[in-house]
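Student: Provided herewith is a single structure, encoded as structure tokens, for subsequent inquiry.
The values are calculated or read from the model by the stated rules, or taken from the named source; none is laboratory data. Just so it is clear, the structure is predicted and the values come from calculations on it, not from any experiment. Counting neighbours? That spans all protein chains shown, and the Cβs are built from the backbone with ideal geometry, glycine included. These accessible areas exclude ligands, DNA and RNA; they are computed on the full protein's heavy atoms, side chains included. Shrake-Rupley method; radii C 1.70, N 1.55, O 1.52, S 1.80 Å.
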Amino acid sequence: MTSHDFPRFPEGFTFGAATASYQIEGAHDADGRGPSIWDTYCREPGRVLNGDTGDVACDHYHRYREDVALLADLGVDSYRFSVAWPRIQPTGTGPANAAGLDFYERLVDELLAADIAPAATLYHWDLPQALEDRGGWRVRETAERFAEYTALVVERLGDRVDRWITLNEPYCTAFVGYAIGRHAPGTREGRGALAAAHHLLVGHGLAVRALRAAGAQEIGITLNPDRLLPATDTDADRAAVRRAETLHNAVWLDPLFAGRYPEHEAETWGELADGSYRRDGDLDLIGEPLDFVGVNYYRPTTVADAPHTDPDPATRTAVDVRAAESMRDDVRRTTMGWPVVPDTFTDLLVDLVRRYPTLPPVIITENGSAEADTVAADGRVHDTDRVAYLHDHLTALAAAIEAGVDVRGYYVWSLLDNFEWAYGYDRRFGIVRVDYDTLERLPKDSYRWYRSMIENHRKESHP
Ligand code: IFM
């Protein structure tokens, strides 16, 4: 691939790389950090592939300087990381644990010294276990605690962090965590999942208010909207797509950007959608104006109707819509089994703006691929499939911008190979390889490709 193949982006476009606390930090009991739901989940037999845990991960907690040096060499404008709530409040309530905040302050200062803008996510799935023990996201109290935690973080870092993301992919927290049970806390309860979805949005709204009150500049939420395609052109499959649309997309996008609860929720959830967890005024809270919406995009989902296999209506829908997914078999897949169809990235973004005309500017907060990387005889990782994936998705993103979508930035997922949740260390998303025995970092060909892309963008913006 030559520099002529690099897609073009508008002047001022931000390039970055992303990670998340539990996936890279390790140091699970250092400096007063309390246990999170992922520490608990990883210790339950059979939950995570190979019994992997985040205890050590990439040991970023101790090696953050080396990782910031990699970011500096990569030439990114910004780095997206997440703050681990249990480092700040080991039991999810009460005063801040100063040592936890100190770590993020060291990281932020290191980034600023390298001229890299920090972008902080406040919740990337590591809920303090003590809060889960009191009901987790099923209860409203967790949303209130989240706002208090947010205030503690912004009070310490607000003078140096401009970009704030309240939640990462609340779909995964609510439905993968509480309905499908493949993420912590690993339960299968439809009603609990719906209450969790609502309380996550309430927590988001309260956190936005806390951030604004502290003078934060740029505030957003990261969603993982799905591009959903019917397996066949039958009424049954189109209805399945509608249910999946509600589950994956409308449950978040409608209250955030259209001032309403999802239109088709009764069709999707039946008697579960009774809204008993909603209060007057919640839509105003959830709809607090945002400066951007973060979009994580990896692959489209093909949906087919499937018989409801779970007799319990409380778990049925979220589980069965998932079961109804049938993957396309005419395209390459990554090691996650995810189909690679880059033009669906363009379609998703164009469609989002069409459906939600008041959508704020978009920032792509994650995109990348897990591949079967190996270290070659020359000591390098020639991850050509990942390079092609990034090239093709960035090209699709440039096409969306060309079509009028206001996209301001792109963060590759991920800077480092890391703990891929239920898949443990088996799936590698990094543009830098991590040797989990020695913790050595080795930039892959995709790292060099991304660096050249950024360099080329700068040259073209400032010839
Ligand atoms: O690793 C995850 C990340 O934590 C959230 N978005 C999807 C990534 C790949 O599965």
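Student: Could you identify the single residue in L74, L122 that is within 16 Å of the ligand (Cβ to nearest atom) and under 22 Å from the mean Cα position of the chain (by Cα)?
Tutor: Details: L74 fails: within 16 Å of the ligand (Cβ to nearest atom).
Just a single option satisfies the conditions, and that option is L122.
Student: Select, from R209, R156, the only residue that is part of a helix (DSSP H, G or I), touching a Phe, Trp or Tyr at 6+ places or on another chain (Cβ under 8 Å), open to solvent by 10 Å² or more (accessible area, probe 1.4 Å) and modelled with pLDDT of 95 or more. Reasoning before the result, please.
Tutor: Details: R209 fails: touching a Phe, Trp or Tyr at 6+ places or on another chain (Cβ under 8 Å).
So the residue among R209, R156 that is part of a helix (DSSP H, G or I), touching a Phe, Trp or Tyr at 6+ places or on another chain (Cβ under 8 Å), open to solvent by 10 Å² or more (accessible area, probe 1.4 Å) and modelled with pLDDT of 95 or more is R156.
Student: So, of the residues in the stretch 222-267 that are of a type in the set (A, V, I, L, M) and in contact with a Phe, Trp or Tyr (Cβ under 9 Å, 6 or more places away or on another chain), which turns out to be farthest from Y297 (Cα to Cα)? Spell out how you get there, then give the answer.
Tutor: Going through the stretch 222-267, the residues of a type in the set (A, V, I, L, M) turn out to be 223, 228-229, 231, 236, 239-241, 244, 247, 250-251, 253, 256, 258, 266.
Subset that is in contact with a Phe, Trp or Tyr (Cβ under 9 Å, 6 or more places away or on another chain): 223, 247, 250-251, 253, 256, 258.
On the way: L223: 9, L247: 16, A250: 16, V251: 17, L253: 15, L256: 19, A258: 21 Å.
That would be A258.
Student: Shifting gears a bit: Check off (1) within 16 Å of the ligand (Cβ to nearest atom); (2) assigned to a helix (DSSP H, G or I) for F103 and give me the number that stays unchecked.
Tutor: Here F103 clears every test but (1).
Rundown of residues vs (1) open to solvent by less than 10 Å² (accessible area, probe 1.4 Å); (2) over 19 Å from T365 (Cα atoms), yes/no style:
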position	(1), (2)
A197	yes, yes
H204	yes, no
A216	no, no
T222	yes, no
L228	no, yes
R238	no, yes
G259	no, yes
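Student: Could I ask something else about it? So which residues in the stretch 26-69 are in contact with a Leu (Cβ under 7 Å, 6 or more places away or on another chain) and of a type in the set (A, V, I, L, M), if there are any at all?
Tutor: I37, V68
Student: Still on this structure, please answer the following. Testing V153 on (1) more than 20 Å from S82 (Cβ to Cβ); (2) away from the ligand (no atom under 16 Å from the Cβ), one condition comes back false. Which one is that?
Tutor: (1)
Student: Within the stretch 87-109, identify whether any single residue is closer than 26 Å to S446 by Cα, modelled with pLDDT of 95 or more and open to solvent by less than 30 Å² (accessible area, probe 1.4 Å), and answer yes or no. Lay out the reasoning, then the answer.
Tutor: Narrowing the stretch 87-109 to residues closer than 26 Å to S446 by Cα: 107-108.
Filter once more, keeping what is modelled with pLDDT of 95 or more: 107-108.
From what is left, the residues that are open to solvent by less than 30 Å² (accessible area, probe 1.4 Å) are 107-108.
Yes, the conditions are met somewhere in the stretch 87-109.
Student: Which pairs do you get when a residue that is hydroxyl-bearing (S, T, Y), found in the stretch 113-136, comes within reach of a residue that is at pLDDT 95 or above, reach meaning Cβ atoms under 6 angstrom, with the pair 6+ apart or on two chains?
Tutor: So the pair list comes out as T121/S82; T121/I165; T121/N168; Y123/L167.
Student: Please state which one of R43, R65, R33 is touching a Lys or Arg at 6+ places or on another chain (Cβ under 6 Å), away from the ligand (no atom under 14 Å from the Cβ) and not small (G, A, S).
Tutor: On the way: R43 fails: touching a Lys or Arg at 6+ places or on another chain (Cβ under 6 Å); R65 fails: touching a Lys or Arg at 6+ places or on another chain (Cβ under 6 Å).
Only one candidate qualifies: R33.
Student: Restricting the stretch 352-390 to residues that are open to solvent by 30 Å² or more (accessible area, probe 1.4 Å) and acidic (D, E), which is farthest from the ligand (Cβ to nearest atom)?
Tutor: Only one residue fits best here, namely D378.
Student: Suppose we keep only residues that are in contact (Cβ under 8 Å) with a residue 40 or more places away in the chain and assigned to a helix (DSSP H, G or I) within the stretch 214-239. Which one would you say is farthest from the chain's Cα centre (by Cα)?
Tutor: Filtering the stretch 214-239 down to residues in contact (Cβ under 8 Å) with a residue 40 or more places away in the chain leaves 214-232, 234, 236-237, 239.
Those still in the list that are assigned to a helix (DSSP H, G or I) too: 236-237, 239.
Numbers: A236: 31, D237: 28, A239: 27 Å.
Among residues in the stretch 214-239 that are in contact (Cβ under 8 Å) with a residue 40 or more places away in the chain and assigned to a helix (DSSP H, G or I), the one farthest from the chain's Cα centre (by Cα) is A236.
Student: Have a look at E267, E263 and point out the one that is assigned to a helix (DSSP H, G or I) and among the acidic types (D, E).
Tutor: On the way: E263 fails: assigned to a helix (DSSP H, G or I).
Among E267, E263, only E267 is assigned to a helix (DSSP H, G or I) and among the acidic types (D, E).
Student: Given the conditions (1) touching a residue at least 12 places away in the same chain (Cβ under 8 Å); (2) farther than 24 Å from H183 by Cα; (3) touching a Leu at 6+ places or on another chain (Cβ under 9 Å), which single one is not true for K444?
Tutor: So K444 meets the others, but not (3).
Student: Here's something else I'd like to know. Here are R451, R441: which of them is over 24 Å from G51 (Cα atoms) and either open to solvent by 10 Å² or more (accessible area, probe 1.4 Å) or of a type in the set (A, V, I, L, M, F, W, C) (or both)?
Tutor: Numbers: R441 fails: over 24 Å from G51 (Cα atoms).
Residue meeting the stated conditions: R451.
Student: May I ask you to say which residue of Y149, Y79 is part of a helix (DSSP H, G or I) and either of a type in the set (F, W, Y) or at pLDDT below 95 (or both)?
Tutor: Working: Y79 fails: part of a helix (DSSP H, G or I).
Being part of a helix (DSSP H, G or I) and either of a type in the set (F, W, Y) or at pLDDT below 95 (or both) holds for just one of Y149, Y79, which is Y149.
Student: Under the condition of being surrounded by fewer than 22 Cβ atoms within 10 Å (Cβ to Cβ) and not in a loop (DSSP other than H, G, I, E, B), which residue from the stretch 172-189 is nearest to the ligand (Cβ to nearest atom)?
Tutor: Top of the filtered list is C172.
Student: If I ask for residues that are part of a loop (DSSP other than H, G, I, E, B) and charged (D, E, K, R), which ones from the stretch 35-76 would you list? It would help to see each step written out before you state the result.
Tutor: Restricting attention to the stretch 35-76, the residues satisfying the condition of being part of a loop (DSSP other than H, G, I, E, B) are 35, 43-48, 52-59, 75-76.
Matches in the stretch 35-76: R43, E44, R47, D52, D55, D59.
Student: For the stretch 391-427, what are the residues that are among the basic types (K, R) and either within 11 Å of the ligand (Cβ to nearest atom) or farther than 16 Å from G294 by Cβ (or both)?
Tutor: Step one: list which residues in the stretch 391-427 are among the basic types (K, R), which gives 408, 427.
Selection gives R427 alone.
Student: Would you check which residues across the stretch 1-30 are loosely packed, with under 14 Cβ neighbours inside 10 Å and modelled with pLDDT of 95 or more and list them?
Tutor: P10, E11, G12, D29, listed by residue number.
Student: While we're on this one: Within the stretch 125-150, work out how many residues are open to solvent by less than 10 Å² (accessible area, probe 1.4 Å) and within 16 Å of the ligand (Cβ to nearest atom).
Tutor: Narrowing the stretch 125-150 to residues open to solvent by less than 10 Å² (accessible area, probe 1.4 Å): 126-128, 131, 136-137, 142-143, 146, 149-150.
Okay, now just the ones that are also within 16 Å of the ligand (Cβ to nearest atom), so 126-127.
The qualifying residues number 2.
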